[in-house]
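Have a look at the structure below before the remarks.
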Amino acid sequence: MLKKLFMLIVAGFFLASCAATKTEQGGDVDAASASASSSSGGEITAGTQEDLIVNVGDRVFFEFDSSELTVDAQATLDAQAAWLMQYPDTNITVEGHADERGTREYNLALGDKRAFSVYSYLAQAGIDTNRMEYVSWGKERPEVVGSDETAYSQNRRGVTLVSN
Amino acid sequence: MIKKILIILFFSFNANAALEVTIAQGKVEPTPIAITQIFGADSDTARYGNTLRQIISNNLTNSGLFYTVNEDLYIQSDNLVEKVPRFEDWKLIKAQFLLSADVSKTDKGIRLRMRLYDVFNAKEIEKLQLTIPDENLIRRVGHTVSDIVYERITGETGYFDTRIVYVSEIGPLDQRVKRLAIMDQDGHIDSHQFLTDGKNMVLTPRFAPNKQLITYMEYKNNLPRVYIYNLKTGEREIVGDFPGMTFAPRFSPDSQSVVMSFSDPNNAANSEIYLMDLNTRSRSRLTNDSGIDTSPSFSPDGNKIVFNSDRGGSPQLFVMDKNGDNIKRISKGRGVYGNPVWSPRGDLIAFTKLTQGNFHIGVMDINGNNERVIVRDFALESPAWSPNGRYLIFHRQKRSNLDGTGGEVTIHFIDITGYNERVIPTPRDGSDPAWSPLL
């Protein structure tokens, strides 16, 4: 029963995540927010992944073949750090991802550097490293399927996932 | 392994190869070979004979160096194992070589007798007799006989009695399920086997030169680490206790060590190349640079390592001594290089290169000279050498679309002259192929 409930919550996260992506793509904002709120059955619970996605932003994007944080990325991470301060019981995993235009092994290395960039920025912003883990997925888990720059720019990302 | 099981009576009459084939020749006109029916007196032995003939004929044809003369043209239909062929009949249909064989049952198992003739010189050039103790070894015997014919006629080492380990892929491109799988080099479905269940993502398997072990990367409990799979026992073991991601593993030529990348959290998660001794469990760091260092591959003599690094700005290929000294860049062309793999002959390095929107698979001399592109497409990766250094396998992926379609990935075989490309069939999509040594 508990497991089933957990599955439902996770499913909710995925829906919310898709909706957030659509918003970034300049899609239908009304539809996106409707989807986000319906997936949680109304109110967004504070301190959850959904809260992070909708009210803070769960991800940062990188330039091609780079693990440096852009100005935009730093602003997002400042907001994430503040949010993590606000919910001190929250633990996170940072995922680093790459687009498909590189070898599998090089992209694993690049994804790890990207994840670590996010992780260490948050650490420097005062988040206890005991609350954080990071992992590279290289090019293995694209957010957007597609072989063009629209997809690639959204796949070169660092994603903060609430892990508890 | 098979040599222990089989009793091989083997007579060689001439040490010189009947046909000299060198890689530098470029496109080779395939040599016509006739393969008679492989005769069997009862339904079982006839069936074994058919299977063997098909395996041998497919192997030789797929090599690009032979083609099997159409059976309908054969004038003489006798079993030519105990009888001298009418060479004129075979010359007439332009068969340069002629193979005949038969299968019978004995109290020790299945007996195969084979004769190979040089038609133009009207002489026998090879004969063998072997006993197969178990029906399940028929496919391997077919591959072994193919190797003998290939070696006898071309003078090169064969590659047919080998296996390919690869990553089997299924599911949506953003939630791909990836399993380790293994098959004969011809991809025949009867030889296909999954090694992992797909619960954890696996990537980049590579064979040990000792044929018993496979090293690969697995996300166990979401921790990406290098593992070793033992083909004999089915056991899986992590390689070392590292506090961060380990990946891109390859065995040393003596199978005693694994060279791989480690992204150390105490080094800003920057990937460096490490050598892990599997006996002593000691590890040594070979590179030390702020750039990414990955995809190491040993030279067959074990003295050098070629690897991929972006230390100069963009990813390029470098060679270093086995202890990490004397690092030299070897890639000279424009583009982003990766996946360097040292040839088993020692003279070439295969690689991928991304330039002008396309991936290329090519080969270069070990000092980076004489770069040649073998195949070009939107997405190509993971070149791996045949054990005789004449062929490459790799994977080719189609473009994917926003609606989730496309992205099919398949394993391909190609002669390093750039000719004779074909798909190696897999039951699902396949990527990251790696070739075993000759078994």
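Would you check if there is a residue in region B:259-272 being away from every other protein chain (no Cβ under 14 Å) and at pLDDT 95 or above? No; the residues of region B:259-272 include none that is away from every other protein chain (no Cβ under 14 Å) and at pLDDT 95 or above. Considering region B:66-87 alone, what residues qualify as being open to solvent by less than 60 Å² (accessible area, probe 1.4 Å) and out of contact with any helix residue (DSSP H, G or I) (no Cβ under 6 Å at 6 or more places or on another chain)? Hits for region B:66-87 are B:V69, B:Y74, B:D78, B:N79, B:L80, B:V81, B:P85, B:F87. Can you confirm whether region B:126-149 contains a residue that is at positive phi and not assigned by TED's automatic domain parsing to the domain that holds B:D190? Within region B:126-149, none of the residues are at positive phi and not assigned by TED's automatic domain parsing to the domain that holds B:D190. Residues considered: B:I366, B:I374, B:I411. Of these, the only one that is in contact (Cβ under 8 Å) with a residue 60 or more places away in the chain and surrounded by fewer than 22 Cβ atoms within 10 Å (Cβ to Cβ) is B:I366. Note on region B:124-147: residues that are without any contact (Cβ under 8 Å) to a residue 40 or more places away in the chain and either buried (at least 22 other Cβ atoms within 10 Å of the Cβ) or more than 28 Å from the chain's Cα centre (by Cα) (or both) total 0.
The residue that is farthest from the other protein chains (Cβ to nearest Cβ), counting only those in region B:390-412 that are more than 17 Å from B:G357 (Cα to Cα) and of a type in the set (S, T, N, Q), is B:T410. In region A:44-58 there is at least one residue that is away from chain B (no Cβ under 14 Å), surrounded by fewer than 13 Cβ atoms within 10 Å (Cβ to Cβ) and either outside any helix (DSSP H, G or I) or modelled with pLDDT under 50 (or both).
Would you point out which residue out of A:S136, A:S163 is within 13 Å of chain B (Cβ to nearest Cβ) and at pLDDT below 95? Spell out the reasoning first.
Details: A:S136 fails: at pLDDT below 95.
Checking each option against the conditions leaves just A:S163.
For region A:75-97, the criterion of a residue being of a type in the set (F, W, Y) and crowded, with 23+ Cβ neighbours inside 10 Å is satisfied by no position.
Please work out which residue is least open to solvent (accessible area, probe 1.4 Å), limiting yourself to region B:316-363 and to residues that are assigned to a loop (DSSP other than H, G, I, E, B) and touching a Pro at 6+ places or on another chain (Cβ under 7 Å). Among those that are assigned to a loop (DSSP other than H, G, I, E, B) and touching a Pro at 6+ places or on another chain (Cβ under 7 Å), it is B:G346.
Name every residue in region B:301-315 that is among the polar types (S, T, N, Q) and either outside any loop (DSSP other than H, G, I, E, B) or not assigned by TED's automatic domain parsing to the domain that holds B:R329 (or both), in order of residue number. Scanning region B:301-315 gives B:N308, B:S309. Give the residues of region B:183-193 that are in contact (Cβ under 8 Å) with a residue 24 or more places away in the chain and under 12 Å from B:I164 (Cα atoms), sorted by residue number. Listed by number, the residues that qualify are B:M183, B:D184, B:Q185, B:D186, B:G187, B:H188, B:S191, B:H192. Summed over region B:46-65, residues that are surrounded by 18 or more Cβ atoms within 10 Å (Cβ to Cβ), of a type in the set (G, A, S) and in contact with a strand residue (DSSP E or B) (Cβ under 6 Å, 6 or more places away or on another chain) total 3. For A:R156, the criteria (1) within 11 Å of chain B (Cβ to nearest Cβ); (2) basic (K, R); (3) crowded, with 23+ Cβ neighbours inside 10 Å hold in every case but one, which is (1). Checking each residue in region B:307-326 for being within 13 Å of chain A (Cβ to nearest Cβ) and of a type in the set (A, V, I, L, M, F, W, C) picks out B:F307, B:L317.
Suppose the filter is small (G, A, S) and closer than 26 Å to B:I214 by Cβ; does B:G302 pass it? Yes; evaluated as a whole, the condition is true for this residue.
Looking only at residues that are of a type in the set (D, E, K, R) and under 15 Å from the mean Cα position of the chain (by Cα) in region B:401-439, which one is farthest from B:F160 (Cα to Cα)? Only one residue tops the list, namely B:D432. Counting only residues that are away from chain A (no Cβ under 14 Å) and open to solvent by 10 Å² or more (accessible area, probe 1.4 Å), which one in region B:241-254 is nearest to B:P387 (Cα to Cα)? Once the filter is applied, the top-ranked residue is B:P253. Which ones in region B:274-296 are in contact (Cβ under 8 Å) with a residue 40 or more places away in the chain and within 11 Å of another protein chain (Cβ to nearest Cβ)? Across region B:274-296, the qualifying residues are B:T294, B:S295, B:P296.
The values are calculated or read from the model by the stated rules, or taken from the named source; none is laboratory data. Predicted model, so just to flag it, every value in this text is computed and none were measured. All Cβ positions, glycine included, derive from the backbone under ideal geometry; neighbour counts span all protein chains shown. Quick note on the areas: whole protein, heavy atoms, side chains included, nothing else; ligands and nucleic acids left out. Shrake-Rupley method; radii C 1.70, N 1.55, O 1.52, S 1.80 Å.
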